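Only one structure is covered here, and it is reproduced in the block below.
The values are calculated or read from the model by the stated rules, or taken from the named source; none is laboratory data. Quantities reported herein were computed from a predicted structural model and do not represent experimental measurements. All Cβ positions, glycine included, derive from the backbone under ideal geometry; neighbour counts span all protein chains shown. To get the accessible areas, we keep the full protein, side chains included, count just its heavy atoms, and leave off ligands, DNA and RNA. Shrake-Rupley method; radii C 1.70, N 1.55, O 1.52, S 1.80 Å.
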Amino acid sequence: MRYYPLYADLTRKRCLVVGAGEVGRRKIGTLAACGAKEILVLDTSPPDAELQEVLALPNVVFEQRSFDEADLDGRFLVIASTSNEELNWRISRACEARDLLCNIVDQPEKCSFIVPALFTQGDLTVAISTGGASPAMARKIRKEMADTFGSEYAAALMLMSRLRPLVLELGLGSPRNGAIFRSLVESGLLEALERRDAATTADILAAHLPSELHGSIPELLDGLS
């Protein structure tokens, strides 16, 4: 089976996590970090100290009780991380009947989506999936990516996020805008940021940006080198 890669905007979405053990806590933390509107967490055990830290997040709601199908009402995404096979199947089938996105941790046959291994560097997010064949291999690849994508990528993306609205305000049109950003990406910008060479980075920007933006270069580079 091939999965359709998808990055979901959770900012106005209500999610459900059933099971708040070690894996469940990681799932809750990721959903919270991605800005889910609300994450309802269900577990029959009282929260330990580690879970209490996660529950302190403003968009997390904890209820110490068993799952009920009514908990699916109004949910966009559901994750189950329990050791109860019967419960996992029950959640999976209930989500399927309601056309809800459902992930049963480490059991792809019960899922409508699987969660890839994620590598992040600032605004850069790389998702690695083996189609459920080997999560261990996906995690190995994720660790190896740290040798390829260093902190310079985070700095470059921060720079681009600052630069993009300034370029668009010039009204040059899509072809010209695209050419500017491609030229920067293909320049020595990443290497200069990796060396924390502010002077060379400024020279590269001056060489590739329209003259109207040259006065903004010090502001664009503030805190990046």
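If you go through the range 42-58 and keep only what is buried (at least 18 other Cβ atoms within 10 Å of the Cβ) and either assigned to a loop (DSSP other than H, G, I, E, B) or touching a strand residue (DSSP E or B) at 6+ places or on another chain (Cβ under 7 Å) (or both), you end up with Leu42, Asp43, Val54. When you look at Leu16, is it within 26 Å of Glu109 (Cβ to Cβ) and in a loop (DSSP other than H, G, I, E, B), yes or no? So Leu16 does not fit the description; no. Restricting attention to helices (runs of 4 or more DSSP H) lying wholly within the range 127-225, give those where 1 or more residues are open to solvent by 70 Å² or more (accessible area, probe 1.4 Å) and in contact with an Asp or Glu (Cβ under 8 Å, 6 or more places away or on another chain). Output list reads 151-169, 189-194. Remark: pairs (first residue in the range 108-126, over 12 Å from Phe149 (Cα atoms); second residue assigned to a loop (DSSP other than H, G, I, E, B) and not charged (D, E, K, R); Cβ separation under 6 Å; 6+ apart in sequence or on different chains) = Pro108/Ile114; Pro108/Gly132; Ile114/Gly132; Pro116/Ser129. Taken over the range 71-107, the criterion of being open to solvent by less than 60 Å² (accessible area, probe 1.4 Å), out of contact with any strand residue (DSSP E or B) (no Cβ under 8 Å at 6 or more places or on another chain) and either more than 30 Å from Ala146 (Cβ to Cβ) or at pLDDT 95 or above (or both) is satisfied by Ala94 alone.
In the set Val60, Val115, Val54, which member is within 20 Å of the chain's Cα centre (by Cα), within 28 Å of Arg139 (Cα to Cα), modelled with pLDDT of 95 or more and not hydroxyl-bearing (Ser, Thr, Tyr)? So that I can check it myself, show each step before the final result.
Numbers: Val115 fails: modelled with pLDDT of 95 or more; Val54 fails: modelled with pLDDT of 95 or more.
That would be Val60, the only listed residue that is within 20 Å of the chain's Cα centre (by Cα), within 28 Å of Arg139 (Cα to Cα), modelled with pLDDT of 95 or more and not hydroxyl-bearing (Ser, Thr, Tyr).
Out of Ile28, Ile39, one residue alone is within 30 Å of Ser151 (Cα to Cα) and either within 21 Å of the chain's Cα centre (by Cα) or crowded, with 21+ Cβ neighbours inside 10 Å (or both). It is Ile28. Scanning the range 113-126 for residues that are surrounded by fewer than 17 Cβ atoms within 10 Å (Cβ to Cβ) and in contact with a Leu (Cβ under 9 Å, 6 or more places away or on another chain) yields Phe113, Gly122, Asp123, Leu124, Thr125, Val126. Among the residues of the range 1-23, those identified as open to solvent by less than 50 Å² (accessible area, probe 1.4 Å), touching a helix residue (DSSP H, G or I) at 6+ places or on another chain (Cβ under 9 Å) and more than 14 Å from Leu77 (Cβ to Cβ) are Gly19, Ala20, Gly21. Only one residue in Ala70, Ala36, Ala97 is assigned to a loop (DSSP other than H, G, I, E, B) and either closer than 22 Å to Tyr4 by Cα or free of Cβ contacts under 8 Å to residues at least 12 places away in the same chain (or both). Which one? The match here is Ala36.
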